[in-house]
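Q: One structure, pasted below without further comment.
Here, each number is a calculation from the coordinates, and none is a lab measurement. Fair warning: this is a prediction, and the values are worked out from it, not measured in the lab.
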Amino acid sequence: IIPPPDVAWLWHCHRLAPARYSSYIKTRFGPDTSKKILETEVAFAAQFSHECPDDVDVNAEEANQAIVKQKAREIWRDAYPLEPFFQDAETGANSESSPLLLTSPTSTSTSKSVLVDQQSLDLDGFDLLSSADRQCNFLWQVSGINFENEEFLCDGVLEYVKFLKLKNVAPNQVIVPTYQIDLIWHTHILASIHQYDCDCIAVSGRTIHHDDSLNDRTEGGKLDVSFQETKRLWKDTYGEEYYCIGGMYRGEPPDDFFQREWILSSSSSDEKVRPSSKFAHLVGIHAGSSTATSDHSSS
């Protein structure tokens, strides 16, 4: 199934907490849930209302995706006959003035709707909307010019493997990635949670849980302490400083970043965008806001 963009984004955020996501799927759909329900069929895909499903000038892969997209719309119509598949960009349910409306699928033509507090959507103990808010910030952090460089990303893969291997050295320590590493980490999880778990066990002997809930960079706080410990562990293990040019904290995103008109251009480059917030002095020094633990309850 290929979802519309709003569902794709929330699905993306939920899967970035793989332990919590897997737990919710099993609770909601049963312990024998197949991988087809657990995973996306086409990684990182979404469909948009402006796409033309009848476009004949497509290759075989695009044609197959068009069929999958059409099937998703048909399933949605059967399950939620009173709700459109695509939210209106201007007046959708995510408007600040409107509560979030969830509709439960039924086997008849009627739908059962419930109002949900927009400030908190709790799925088996996981606050999905708060995660979505944090991931908006993450997109800013990985929007620097280096993240368009193939060599930088390839180096990130190598650094990511070294990051996972740190769990062999200090399995109980909370470790913090640079944003270069964190982007590769996100990609690994989102491509396939099942394969991610298998790879973690092969590399580090354990499942490593991704937790993006720490974003307070106050000196002496949990994130700062964990980052300082990660730096020491990296230096002791690999004999090098734990630092990545263009892959560290960029400061908080400017207000314009959240506008639809935002266009990454020379006027919004790292050199010209002034970082905001009380943590501005940590720009280029501090690492990401995700942490790696081996404790199931932390993801």
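Q: Quick check on my link table: of K162/K231; K26/K69; K167/K231; K167/K235; K26/K222; K26/K167, which ones sit more than 20 Å apart, alpha carbon to alpha carbon?
A: K26/K69; K26/K222; K26/K167
Q: Could you state the orientation-averaged shadow area of the convex hull built on the Cα atoms of region 138-189, in nm² to one decimal?
A: 3.7 nm²
Q: Go through region 10-24 residue by residue and turn each phi into a ³J(HN,Hα) via Karplus (6.51, -1.76, 1.60, θ = phi - 60°); whole Hz please, and just put x for glycine and proline.
A: 5, 4, 3, 5, 5, 5, 6, 10, x, 5, 5, 5, 4, 4, 5
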